[in-house]
Amino acid sequence: MKHRAVCPACQHRLSRSHYWVFGRDQCDRCGVGIQGQRSWERWGVWIGNIPFTVCLFLALAGLIDWYWAVLAFVFDSVLVGYVLYPWISPQVQTTRGVQCRACGYDLYGRENERCPECGADVPIFAPVARGEN
């Protein structure tokens, strides 16, 4: 199975800890802004919530106990999402250069180690050859 959770700028494989980040994120190796592809996230949410939705309606109808609906939610969101994240979450690049961790400002072509938008210190990322892991 193809590993899809990679940085589009440096091709570094992203860890599963990125599964818990919603919205703005940053590559650990090169520092560019990344984000999951919207279409894949949308379909993942719809498909992943089918067992929970079925169990919820069955619990509302009184056909099963509520703990099955809760168990389906935990199974969908934590186990399936976290385990399958590297193979179902392609990433897109959101900035040309390093992204400020505090405000998300694109620091492409910056001349100092501070963000001009918010004044936060920005770490220096060493240049990484494309495709190197």
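Every read-out reported here was derived from the displayed coordinates using simple, explicitly stated rules and does not represent laboratory data. As the structure is a prediction and not an experimental result, all values here were calculated from the model. Cβ placement follows ideal geometry from the backbone for every residue including glycine, while neighbour counts extend to all protein chains displayed.
Worth pointing out:
- Computed over region 6-60: relative contact order in percent, which uses C-alpha pairs under 8 Å that are six or more apart: 22
- Karplus 3J(HN,Hα) series, Hz, for region 47-64 with 6.51 cos²θ - 1.76 cosθ + 1.60 (x for Gly, Pro): 5, x, 8, 4, x, 5, 5, 4, 5, 5, 5, 5, 5, 5, 7, x, 7, 9
- Over the C-alpha trace of the chain, radius of gyration and Dmax come out as 18.9, 64 angstrom.
- Cysteines (scope the chain) whose Cβ has no counterpart Cys Cβ under 4.7 Å: Cys55
- Stretch gain in nm, segment Phe57-Leu71, where the contour uses 0.36 nm per residue and the Cα spacing is subtracted: 3.7 nm
- P(r) histogram, all alpha-carbon pairs of region 53-128 included - 10 Å bins from 0, percent: 16, 24, 17, 18, 15, 9, 0
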